[in-house]
1. State which residue pairs qualify: first residue closer than 25 Å to PRO52 by Cβ and among the polar types (S, T, N, Q) and inside segment 107-132, second residue open to solvent by less than 90 Å² (accessible area, probe 1.4 Å) and modelled with pLDDT under 90 in any location, beta carbons under 9 Å apart, and separation of 6 or more residues or different chains.
2. Among the residues of segment 103-127, what is the count of those that are open to solvent by less than 90 Å² (accessible area, probe 1.4 Å) and assigned to a strand (DSSP E or B)?
3. I'd like the residue in segment 71-100 that is touching a helix residue (DSSP H, G or I) at 6+ places or on another chain (Cβ under 9 Å) and part of a loop (DSSP other than H, G, I, E, B) and, out of all such residues, is modelled with the highest pLDDT.
4. Just name the residue that is most open to solvent (accessible area, probe 1.4 Å) out of those in segment 1-43 that are modelled with pLDDT of 90 or more and part of a loop (DSSP other than H, G, I, E, B).
5. Among (1) in a loop (DSSP other than H, G, I, E, B); (2) at pLDDT 90 or above, which single condition is THR63 missing?
Amino acid sequence: MLAYLRELSRRWSDWCGDADMEKAIRRHLSDNGYYGGTAKLRGVRLAAVQRPGWLQVFRFDATAKLAVPPDHEDESVDDPATGLPKSTQPLATQSEFHELFGLVREDHRHGKISVRVFRSGDQRRQLFASWSEGLLQLRGGQALKTD
């Protein structure tokens, strides 16, 4: 029973809650070389807001599989490490997952959603500093302290 409650708590914590924002994040990941449709989004949280709430900045973390474009000309070439043709290598050796740190800036006045993802939390903090300038930052300005 306790394990079920923990799982329910984790799922509630990782729930985005905004379908348009989730679609924008997944589209951005897909446009930038990842499988956005299967990415695991975590910790989508409001980090900064401008009164009366039209402009909002959210933070999120994601685990996304790198989409490698198929090499049609190299399919018959054996991989020197395994000795197998590239198309018959086990899926685990062909896939690469990246831990990503992202920001979403929603401007409801103009209907714009801007999404940016980074491989390091430091880059996200730098963009957050510029995007949240003049906005109310949640948690006493420590909205990104969990990087």
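The values are calculated or read from the model by the stated rules, or taken from the named source; none is laboratory data. Worth saying up front: this structure is predicted, and the values here are computed from it rather than measured. Neighbour counts are summed over all protein chains in view; Cβ atoms, including those assigned to glycine, are modelled from backbone coordinates with ideal geometry. These accessible areas exclude ligands, DNA and RNA; they are computed on the full protein's heavy atoms, side chains included. Shrake-Rupley method; radii C 1.70, N 1.55, O 1.52, S 1.80 Å.
1. SER132/GLY141; SER132/ALA143
2. Selection size over segment 103-127: 10.
3. ASP79
4. It comes out as TYR35.
5. The failed condition is (1).
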